[in-house]
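Read-outs throughout are calculated quantities, based only on the coordinates presented, and are distinct from any laboratory measurement. Just so you know, these numbers come straight off a predicted model, no measurement behind them. Backbone-built Cβ (ideal geometry, glycine too); neighbour counts: all protein chains shown.
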Amino acid sequence: MKIKASNLLIVIAIFIYILLKVAIATEFISEYLEQIVLYTIIVIIVSLGLNLIYGYTGQFSLGHAAFYGIGAYSSAIICKILNIEDVYHFVPIIIISGVVSGFVGYLIGIPVLRLKDDFLAIATLGFGVLVRVFLDNSDRISDFLGGSRGFVSIPKITNLEITFFTALILILLTINLINSRYGLFLKTIKSDELATSSLGIDVAKMKLLAFVSGCFLAGVGGSLYAHLYTFLHPSNFDILKSIDFLVIVIIGGMGSIYGTVIASILWVGLIEGLRNFLPTEWMDFRWVIIPVLLIIIMMLKPEGLFVKRSVR
Amino acid sequence: METTAYILQQIVNGIQLGSVYAIIALGYTMVYGVLRMINFAHGDVFMLGAFFAFYLIDKFSFPLVTAVILTVCGTAIVAYLIEKIAYKPLRNAPKISLLITAVGVSLFLEYTLSLNIFFTPNYIAFPRPFEVKSYDFSLFSVTNIHIFIFLSTILSLLLLYFLIYKTKQGKAMRAISHDQQTAALMGINIDNIISFTFLIGGALAGLGGILYSIAYPQINVFMGIMPGIKSFVAAVLGGIGIIHGAVLGGFIIGLAEVFVSAFLSSTLRDGVIFLLLFIFLLLRPNGLFGKRIDKV
C-alpha cells in the first residue's frame, strides 16, 4: 500500500510539473510568478525540515532560518569560488550546502538538544542571533561576503527542474524516513521521551538524527534560494524568518507532510498574492492578523489545521 | 591612567545598562517561577512602558513622578490582560503551545502598534524629563541619569524583596514556584497569584521601559525585542526563578555589552551575549545561583 501511495505522489508531481512547464512555456505564468512558484517550493523544503525537528520529534527550534542562511551562504561562496554557473555542476553544490548545514546542526545539536522546551527555544534563538551577527560582520573575514551590505552578484542557476525534482526527492525521502522504524522512534520521542528511552531507544541519537536531517533540508533550501534571488542579506535569515517557518509548520499541522506543503503554498501565495491586490497600508495588517491566527490555533487546535486530532 | 579612567567610565555605563536589564529580568524570572514559561511578550510590555511615558511626559506634560506612577500602573494592567486573555486558556496545554502563544502576543503587540494609526514604526525622540547634570570625579563622571536609574533599580529590588519574602502573596508565589499542585491543595488561589505576578512583572517592565528611554532617548515599537531577549539571558545566567540571580545576571549582561562595544565592536555585542548564554546553558544550565533541579 505504501509503495502505491508514493507512486501516486510521483505521478501527481510529474503532472504538476508538466502543468507548470506548459504554463511557463506559453507565458501564462510571468517570470515574476515563476520566481514565486520556485520560492514556494523552497519554502516547502525548508518547512519540511522544521517539521521533522519540531512537528515529528517535538524539538522546538527558533533558529531554523540560521541553517537556511548557512546553506545559502555556503552555496553562494562555493559557486563563486569554483565559478559554477550551470545546473549540472550545481547539483553536487546543493548537496554539499545541505551537508554543511547538517554538519553545523550536528555540532550545535549535540549540546543543545539536551535542553528542553523553552530552554531549547532560547538556545536555538541564541544560535540564530549568533549566525546573524556573524553574517553581519562577515565582511571582516572576506570583503566579498558583503557583511551587512549583503552578498551580491551570485550566479543565477536555480530553475524549475532542479527545484522541483530536488523537492520531490526530498519529500519522498522524508516520507520514507517517517514511515521507517526511525520515524516511529521520532514520534514516540515527541509523545514521551522518558517512556521512549525506557524502551531502549537512544533518544539523544534520534533527536540528533531529526535535527540534522531538518538542518540538511534547510541547507538545501538555502542553496536553491541563493541562486534564485542572486542576492543574500543577513536580515533574510533572522528570527522573524524562523518564525515564518514555524507558523507554516503550525498551520500545516505538526507531523503532516501534506499539511506543510499546503501551508507553504498558502503562506507564500497569501503574502505574495496580497501584495499584488492590496494597497501597502493593508499589507501592514498581515502581521497583525497572523499572530492572532496563531494564538487562536493554539487555543482551539494546537496540532495544526490540516491534521486529525491525535489520541492522547 | 587614561585607560583606567576609560575602564571606570565604562563600568559606570555598564551598571546603568545592567540596572535596566536587571529590572526587566526580574519580571521574566518571576513569571517563570509561577508559570514555567518564557513570557516573550515581556519585552513588548517594556516597550509599552516607554511609549506610555513618552505620551504622558511629552504630550500631556505630566511631571516625571506622576508619569512614572501612571506608566507603571498602565503596563501592569496590560501584562495582567495579556495573561487573562492569551495565557490563561492554555493553563493545561503543553508548554510549547504556551510558548508559541507568547511569541504570537509579542508579534501582535509589535506589529499592531507599528501601524500608522498607532505609534508608527519610526524612531521617536524621548524627551529628557530633567536637566542632565554631570558630576566629575577625577577618573570618571556620573550623571544624574546614572544615579536616578541605579537608585530606581535598588529601590524596586528592595520593594520586591519585601513583597516576596514578607507578604502573604509573596509566600504564595514562592509556594507555587515550588510545587503548583501542592500549593493549590494548601488553599492558595493559583489563578489570583499568577495574575498578581503578571501585575508585578508588568509594572517592573514598565519601569524598565522608562529608565531605558531616559538613558537612551530614542523609542520605537521594536525596541523591546533585543533588551527583552537579553534580559531573559540575564535571568538564565543568574538562575531562572531566583530574584538576586536575575539582578546579578542583568549587571553581567550590561557590563559585558558595554565592554564589548567599547573594546571590540558594537556590532559584535549581541553575539558575545548569546555566546555567553550558550556557554552557560551548556556548562551550568541552572545558572549561577541555581540548584540542580530534577529533570522532569
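Tabulated results
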read-out: Tensor-based shape of the range B:1-86 (alpha-carbon gyration tensor, a/c under 1.5 rounded, otherwise prolate or oblate); value: oblate
read-out: Residue among B:Leu199, B:Leu237, B:Leu282 farthest towards the positive dipole end of the range B:187-296, charges placed on Cβ; value: B:Leu282
read-out: Label-to-label distance, nm, for residues given as B:Ile11 and B:Leu159 (7 Å Cα→Cβ offset); value: 2.9 nm
read-out: 10 Å binning of all Cα-Cα separations within the range B:228-289, expressed as whole percents from 0 upward; value: 27, 53, 19, 1
read-out: Cα gyration tensor shape of the range A:8-114, rounded if a/c is under 1.5, else prolate or oblate by comparing a/b with b/c; value: oblate
read-out: Whether chain A is rounded, prolate or oblate, judged on the alpha carbon gyration tensor where a/c under 1.5 counts as rounded; value: rounded
read-out: Whole-angstrom gap from the range B:137-199 to the range B:27-46, using each part's C-alpha centre; value: 13 Å
read-out: Cα-projected label distance for A:Ile141 with B:Asn122, points at 7 Å along beta-carbon direction, nm; value: 3.9 nm
read-out: Sites A:Leu278 and B:Ile69 - FRET efficiency at Förster radius 35 Å, r taken between beta-carbons, to 0.05; value: 0.25
read-out: Residues B:Tyr165, A:Tyr258 arranged by fewest to most Cβ contacts within 10 Å; value: B:Tyr165, A:Tyr258
read-out: Lys, Arg +1 and Asp, Glu -1 on Cβ, resulting dipole of chain A about Cα centre, debye, nearest 20; value: 1000 debye
read-out: Partner lysines for A:Lys301 [C-alpha distance under 22 Å; skip if fewer than 8 residues away on the same chain]; value: A:Lys187, A:Lys190, B:Lys84, B:Lys88, B:Lys95
read-out: Among B:Phe130, B:Phe198, B:Phe40, residue whose mean-square fluctuation peaks in a GNM of chain B (springs only between Cα atoms under 10 Å); value: B:Phe130
read-out: Peptide-level mean, for B:267-273, of C-beta atoms on other protein chains within 10 Å; value: 5
read-out: Helical contribution to [θ] at 222 nm, DSSP H n ≥ 4, -39,500 (n - 2.57), averaged over chain A, rounded to 500; value: -24500 deg cm²/dmol
read-out: In nm, spacing of pseudo-spin labels at A:Ser197 and B:Phe263 (7 Å Cα→C-beta vector); value: 4.0 nm
read-out: Per-selection metrics, the protein assembly as shown (Cα): Rg and Dmax in Å; value: 25.1, 83
read-out: Angle in degrees between helix B:269-283 and the longest Cα principal axis of chain B, rounded to the nearest 10; value: 40 degrees
read-out: Likely footprinting exposure, A:Ser61, A:Ser242, fewest C-beta neighbours within 10 Å first; value: A:Ser242, A:Ser61
read-out: DSSP H segments from chain A that extend 24 Å or more along their own axis, Cα-based, with Kyte-Doolittle mean of 0.5 or above; value: A:2-25, A:31-50, A:64-82, A:87-112, A:117-136, A:160-179, A:203-229, A:257-277
read-out: Expected 222 nm ellipticity per residue - DSSP helices of 4 or more, -39500 (n - 2.57), all of chain B, to 500; value: -23000 deg cm²/dmol
read-out: Size of the range A:75-190 as Cα extents on the principal axes (Å, biggest first); value: 45, 34, 18
read-out: Charge-dipole axis of the protein assembly as shown as Lys and Arg at +1 and Asp and Glu at -1 on Cβ define it, positive-most pick from B:Asn92, A:Ser264, B:His42; value: B:Asn92
read-out: Computed E for A:Leu19/A:Leu184 - FRET, C-beta separation, R0 56 angstrom, nearest 0.05; value: 0.95
read-out: Footprinting exposure proxy for B:Glu131, B:Glu110, A:Glu272 (fewest neighbouring C-beta atoms within 10 Å first); value: B:Glu131, A:Glu272, B:Glu110
read-out: Kirkwood Rh, angstrom, the range A:162-312 [1 / mean 1/r, Cα pairs]; value: 17.6 Å
read-out: q = 0.14, 0.15, 0.24 Å⁻¹: log10 I(q)/I(0) that the Debye formula gives for the range A:134-227, counting C-alpha atoms only; value: -0.72, -0.77, -1.14
